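Bear in mind these aren't lab numbers, they're just calculated from the coordinates by the rules spelled out. The structure displayed is predicted, hence computed values, not measured ones. Please note: Cβ atoms are built from the backbone with ideal geometry, for glycine as well, and neighbour counts cover all protein chains shown.
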Amino acid sequence: YDRVYRAADERIWRKAALYNVGLCYENQAQWERAAQTFDRVIEAFPTTTEGRDAYFRLAEMLAQLGEFQRIVPLMTEVLLRPDLTEDRRIEGLVRKGTAYVELRKFAEAEKTLRTAIDFDERTRRKALDEGRRYERSRLATTGIAQAQYLIGRIYHEIFSEIRMVLPVERYKKDLADKDALFHQALKEYTAAVRTGNHYWAPQAGFQIGKLYEDYYFDILA
């Protein structure tokens, strides 16, 4: 692919070759080189399909590198593109929300993830109102399941930070706050389980068990 990119005169071959170079590095787990290549695709061929798709591959490489702070502006930029499919819009929002979660910016994360869920619901309603059959794609299904799981994780994280301590009045308040967060996390995890997604549903089921266990040990402590 490097040879094709260097030798080809036609733009159609050059953009495809460079994008495939990035995919090759990605499949070899050479995250840094893959990220640099996808960055080049975006810069050299910004208005093409490869340029659009390179945003999402670059976001994945940055996630592998732990550079979540770079994902937020990257996804903010790609979400402004008029050529995004419904699937890609959901993916962009979920990747952005995931980055916020990893940065522990929970308010921004929940808002972004719920935007993805709401967008999917509006798309479904629009299709039904127009008499069309609505079938969520595998990419969108995975994105919505991940969004539900991550919102559950947000409430689980905040729940875990509360430590119930004396005096009694403080303990009562902590317990009430903890109980509310417990039920909110449980609700979101359960929604993720109900998506039936092969990856996120089992993850959410595991976290439901952990949520109960965490609550039990916190009370004992």
Checklist entry - Taking the highest mean first, how do the peptides 29-35, 130-136, 54-60, 147-153 order by number of other beta carbon atoms within 10 angstrom per residue? => result 147-153, 54-60, 29-35, 130-136
Next on the checklist: Report the gain in length on full extension from residue 122 to residue 108: 0.36 nm times residue separation, minus Cα-Cα distance, nm rounded to one decimal.
Outcome noted: 2.9 nm
Item to check | Electrostatic dipole magnitude of the chain [Cβ: Lys, Arg +1; Asp, Glu -1; Cα centre; debye, to 20] | outcome: 360 debye
Checklist entry - What whole-number value in cubic angstrom gives the convex hull volume per residue for the C-alpha atoms of the chain? => result 144 Å³
Checklist entry - Just the C-alpha atoms of the stretch 53-115: what Rg/Rh do they give, with Rh taken as the Kirkwood radius? => result 0.94
Checklist entry - Packing-wise, with mean Cβ within 10 Å as the measure, how do 91-104, 66-79, 166-179, 13-26 rank, highest first? => result 91-104, 13-26, 66-79, 166-179
Item to check | Cα gyration tensor shape of the stretch 82-136, rounded if a/c is under 1.5, else prolate or oblate by comparing a/b with b/c | outcome: prolate
Checklist outcome for this item: Cα-based Rg and Dmax for the stretch 41-153, in Å, come out at 14.3, 44
Checklist outcome for this item: Residue-ordered couplings for the stretch 120-127, obtained by feeding phi - 60° into the Karplus form 6.51 cos²θ - 1.76 cosθ + 1.60 and rounding to whole Hz (Gly and Pro as x), are 4, 5, 5, 5, 5, 5, 4, 4
Next on the checklist: For the chain, take the longest principal axis of its alpha carbons; what is the angle in degrees between that and the long axis of helix 168-194, to the nearest 10 within 0 to 90?
Outcome noted: 40 degrees
Checklist outcome for this item: Note: probe point = Cα of residue 171 + 7 Å toward Cβ; backbone nitrogen < 20 Å; residues of the stretch 198-221 passing the test are 214-221
Item to check | Cα Rg, Dmax, the stretch 115-206, angstrom units | outcome: 17.4, 60
Checklist entry - Which of the aspartates and glutamates could be linked to residue 172 by a straight reach, that is with a Cα gap under 19 Å, when you skip same-chain ones fewer than 8 residues away? => result 161, 214, 218
